[in-house]
Amino acid sequence: MRYSILLALLLSVSSLFGADKAANTNSIEQTNAELATVRAAATQAREEAALATIEAAKAKESSRKAIDELTQVKAQKEEELASMAAEEQLLKQNRSMHISVIGQGVAPMNTASPAQAYALAKRAAIADAYRAIAEKVKGVRVDGQDTVKNMMMQKSTIRTYVQAMVKNANIVETTFKEGLCEVEMEIVISHSDFAQ
Amino acid sequence: MRSRNGNRNLSFRLCSIIIFSSLTLTASEHLISYKYIVKDATLYNETLLISDAMTKCDGKPQKELILINNNSENLKQLIFANSEEFIEYVHKLGLHIEHKETTTNLQNHSTTTLTLKTTCFKVDFNDNFARIAPLK
């Protein structure tokens, strides 16, 4: 009886040991699998980090390019401003400025002869050239008015006005073709002209 | 009592004054104004007004124009005979410009007026030519 009990005990103990071993092998496999997943996750994270760094580098490059473009635009603007300032200085230093314009005029319908048509068209072209010089030198006053009714444009009006005194303008070239006369006119202005 | 030499000197002075004054009297002063209007790129109206000055003008003669004259002392005739040359000269003197342009529903109308404001001109008539100069 005693031996049988001892045998039973031994068997149970041995069975327990066997169960522990199986449990141990199961846990090791589990940990190995977890480790593998963690490693995979880590490698994925590394890859993502590498991608992120590449994207960041790209973003940096693009921002640098944008900054370069901005600096170029700024430099161009500064150059333009400098050139404008230089032009203003030219007038201040009593140096002359050359302005050239083209005026157009049309002969009236009821002319006695082609010569009269030419003379009248030339007169009109000269007036147009004078107007162009005045616009360039003194500027234009512009006034606009739009009338909208029931969300529809009813009337659109633009009025421009020029007033100036021009002297010493020279005619460079006159052409007359198919009833249209074109006069090329030039004027040399200096700061002293405005001082008067 | 004066000597004979002194009297001769006096008469010479008087003669020179008379000759000089007769020469200067040929110079006359005239008022001239010029205006022309261009409407829609076509000459609309042109006016050149010339009249004798009723009062003496102030100022010194400026840029002068020399026109060929045939013993005439009529400025109007002289200018109308050489109108192109005179108008070119007037342009050089300087013209006031007034330009008005209206665009209504994309239809454009413009009026340009060029004006020489009434200016006093000194005119010297000679046998073969006449000198015209504005006084400023």
(request) Could you give the size of the charge dipole of the stretch A:96-195 about its Cα centre, using +1 on the Cβ of each K and R and -1 on the Cβ of each D and E, expressed in debye and rounded to the nearest 20? (result) 380 debye
(request) Take every residue in peptide A:127-136, count the Cβ atoms of other chains within 10 Å of its Cβ, and give the average of those counts. (result) 5
(request) Sort A:120-130, B:58-68, A:27-37 for me by packing, meaning the mean count of neighbouring Cβ atoms within 10 Å per residue, highest on top. (result) A:120-130, B:58-68, A:27-37
(request) May I have the pair-distance distribution P(r) for chain A, computed from all Cα-Cα distances with 10 Å bins from 0 and rounded to whole percent? (result) 7, 13, 13, 12, 11, 7, 6, 5, 5, 5, 5, 4, 4, 3, 1, 0
(message) So if I take the centroid of the Cα atoms in the stretch B:105-125 and the same for the stretch B:39-59, what is the distance between those two points in Å?
(response) 8 Å
(request) Report, as an integer, the average count of C-beta atoms from other chains found within 10 Å of each Cβ along A:161-170. (result) 5
(message) If each residue of separation counts as 0.36 nm, what is the full-extension length gain between A:Gln30 and A:Val73 once their alpha-carbon separation is subtracted?
(response) 9.2 nm
(request) Could you work out how far helix A:2-92 tilts from the main Cα principal axis of chain A, as a 0 to 90 degree angle to the nearest 10? (result) 10 degrees
(request) List, in the order given, every pair from B:Lys63/B:Lys136; A:Lys177/B:Lys100; A:Lys122/B:Lys35 whose Cα-Cα distance in the structure shown is over 20 Å. (result) A:Lys177/B:Lys100
(message) Explain nothing, just the number: relative contact order of the stretch B:27-134, from Cα pairs under 8 Å at least 6 residues apart, as a whole percent.
(response) 41 percent
(request) Within a 10 angstrom radius of each residue's Cβ in B:80-91, how many Cβ atoms of other chains show up on average? Whole number is fine. (result) 1
(request) Could you list the square roots of 5 times each eigenvalue of the Cα gyration tensor of the stretch B:62-123, that is, the equivalent ellipsoid semi-axes, sorted largest first and rounded to whole Å? (result) 35, 13, 9
(request) Obtain the nm distance between the two label points defined at A:Phe194 and B:Leu31 by a simple spin-label model: each point lies 7 Å from its Cα along the Cα-to-C-beta direction. (result) 3.5 nm
(message) To make sure I understand the rule: partners must be aspartates and glutamates, Cα under 20 Å from the Cα of B:Lys117, and not fewer than 8 residues away in the same chain. Which ones qualify?
(response) A:Asp128, A:Asp193, B:Glu29, B:Glu46, B:Asp52, B:Asp58, B:Glu64, B:Glu84, B:Glu85, B:Glu88, B:Glu98
(message) If I take all pairs of Cα atoms in the stretch B:27-134, what percentage of them are more than 25 Å from each other?
(response) 30 percent
(message) Treating only the Cβ of Lys, Arg, Asp and Glu as charged (+1, +1, -1, -1), what charge dipole size does the stretch B:27-134 show about its Cα centre? Round to the nearest 20 debye.
(response) 280 debye
(request) Could you grab the relative contact order for chain A? Cα pairs under 8 Å, six or more apart, rounded to a whole percent. (result) 21 percent
(message) Apply the a/c threshold of 1.5 to the C-alpha gyration tensor of the stretch A:103-152 and tell me whether it is rounded, prolate or oblate.
(response) oblate
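Rule-based calculations on the coordinates, nothing more; no lab input. Being a predicted model, the structure only gives us computed values, none of them experimental. With ideal geometry, Cβ positions are generated from the backbone for all residues, glycine too; neighbour counts draw on all protein chains shown.
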